Amino acid sequence: MPLSSSFLFKGLSESQLQRITAVAKEIRIQKGQWLFQEGNAADRVYVLKDGAVELLTRVNGEYELPIKIIRSKGGCFGISALVPPYQYSLTSKCAEDSTLLEIQRRDLQKLTQEDSALGCAIMTSIAQHLLGRLKETRQELKIHFKTLFRSMDT
Amino acid sequence: MQQKNEIKLERQNDTILLHIHGDITAHSEPFINEAYKELNDQGTVQKILIQFEEEAYINSGGIAVLIQIIAQTHKNNQQIGITGLSDHFKKIFRMVGTTKFTNTYNRLEDALESMSQDK
């Protein structure tokens, strides 16, 4: 699976992709296995090769609210590992037996220090992705407000 | 890119079924609201059954959309049921509290039978 199918590495040159591929490690995880927990120190980012991984957030320590399921090859998650304060903002659980590429922050940081254009491209991709997530969260908030105001009408 | 939800309406005696395809997120709101409007345009509807096809994934935004629909049915004195949820989502719906306002059923047949008995 080429890393170029991942939003994080979109638009990178072949040589840049090859350098990232060289530091990526393939891992297999089983259905039900946790990859990382919300609030934990974040030091690695993941790219899905096959399978499915769910991202969740814990509510009042009582239950996990589903945020997203990653099923597409090249789906990327754990990007908190690339942005201070380097803490995972969600919990990740394997929804099906999966194969992932795991990339350590320190390896990616080394590559971006050697190639500032690479770092700039990755940060632009992260910003675009987070803006999309922000837009979706705003939309969700609007739905909750509409429900609340309609219920106050009665 | 966000996919459009395909929603089909079907009448089964006094119950209107909403067959919903695809994952349910905040982006599903216009499609589900449109289907709810279309359903009500068909005349007086007292019983609505939402059927999720292919074990849909429902995230927090999708739950918000469903809460919105459940609140509207409550306001319009309509009965609403849900079927087609995986065990994972049945548990989440219980935890979130939506099951206080709607029944969830394992099978479509069970849902239709149970809802037909309610007056």
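No lab work stands behind these numbers, since they all come straight from the coordinates. Everything numeric here is computed off the predicted structure, so don't read it as measured data. In this analysis, Cβ positions are derived from the backbone assuming ideal geometry, glycine residues included, and neighbour counts consider all displayed protein chains.
Just subtract the alpha-carbon distance of residue B:33 and residue B:103 from 0.36 nm times their residue separation and send over the number in nm, one decimal.
Working: separation 70, 0.36 × 70 = 25.20 nm, distance 2.01 nm.
Full extension from residue B:33 to residue B:103 adds 23.2 nm.
Between B:80, B:15, B:30, the Cα set farthest toward the positive side of the dipole of segment B:1-94 (charges on each charged residue's Cβ, about the Cα centre) is that of B:80. Only alpha carbons enter this Debye calculation for segment A:92-154, each as an equal point scatterer, and the log10 of I(q)/I(0) it gives at q = 0.14 Å⁻¹ is -0.71. For segment A:1-77, the spread of Cα coordinates along the three principal axes comes to 46, 24, 22 Å, biggest extent given first. Model label points for residue A:63 and residue A:114, set 7 angstrom from Cα along the Cα-to-Cβ axis, are 4.9 nm apart. Would segment B:7-117 count as rounded, prolate or oblate if I go by the C-alpha gyration tensor, calling it rounded below 1.5 in a/c and otherwise prolate when a/b exceeds b/c, oblate otherwise? Rounded. Taking a straight Cα-Cα cut-off under 19 Å and skipping sequence neighbours fewer than 8 places away in the same chain, the aspartates and glutamates within cross-link reach of residue A:73 are A:14, A:26, A:50, A:54, A:96, A:97, A:102, B:23.
Quick one: which of A:68/A:146; A:146/B:4; A:31/B:8; A:93/B:47; A:135/B:47 span more than 31 angstrom between C-alpha atoms?
Values: A:68/A:146 23 Å; A:146/B:4 21 Å; A:31/B:8 33 Å; A:93/B:47 37 Å; A:135/B:47 34 Å.
Going by Cα-Cα distance, A:31/B:8; A:93/B:47; A:135/B:47 fall outside the 31 Å limit.
Once Lys and Arg get +1 and Asp and Glu get -1 on their Cβ, which of A:108, A:75, A:149 lies farthest toward the positive end of the dipole of chain A? Checking the options against the dipole of chain A, the answer is A:149. Given an 8 Å cut-off on Cα distances and at least 6 residues of separation, report the relative contact order of segment B:7-117 as a percent. Value for segment B:7-117: 27 percent.
From the helices alone, meaning DSSP H stretches of at least four residues, give me the mean residue ellipticity at 222 nm for the protein assembly as shown, per-run term -39500 (n - 2.57), in deg cm²/dmol to the nearest 500. Walk me through the numbers on the way to the answer.
On the way: 7 runs with 107 residues, N = 273.
Calculated at 222 nm, the ellipticity per residue is -13000 deg cm²/dmol.
Of A:96, A:26, A:140, the residue with the greatest mean-square motion in the GNM of chain A, using alpha carbon springs below 10 Å, is A:140. Inter-label distance, residue A:37 to residue B:86: 2.3 nm, where each label sits 7 Å from its Cα along the C-beta direction.
Secondary structure note: in segment A:3-153, about 100% of the DSSP beta bridges are antiparallel. Each principal axis of the Cα cloud of the protein assembly as shown was evaluated for its coordinate range; sorted largest first, these ranges are 71, 36, 34 Å. Under a Gaussian network description of chain B, with springs only between Cα atoms under 10 Å, the residue in B:97, B:22, B:43 that fluctuates furthest is B:43.
Over all pairs of different C-alpha atoms in segment A:3-153, the reciprocal of the mean inverse distance, the Kirkwood hydrodynamic radius, equals 16.6 Å. Axis angle, to the nearest 10 degrees, between helix A:14-23 and the longest C-alpha principal axis of chain A: 80 degrees. Does a label point 7 Å from the Cα of residue A:28, set along Cα-to-beta-carbon, have any residues of segment A:93-108 with amide nitrogen under 12 Å, and which are they? Within reach of a label on residue A:28, which here means backbone N under 12 Å from a point 7 Å along Cα→Cβ, segment A:93-108 contributes A:97-100.
Rounded to the nearest 20 debye, what is the charge dipole size of segment A:3-153 about its Cα centre when +1 sits on each Lys and Arg Cβ and -1 on each Asp and Glu Cβ?
On the way: 21 positive and 17 negative charges, 54 e Å.
It works out to roughly 260 debye.
The residue A:87 and residue B:74 beta-carbon pair, evaluated with R₀ = 51 Å, returns a calculated FRET efficiency of approximately 0.85.
Axis angle, to the nearest 10 degrees, between helix A:116-153 and the longest C-alpha principal axis of chain A: 10 degrees.
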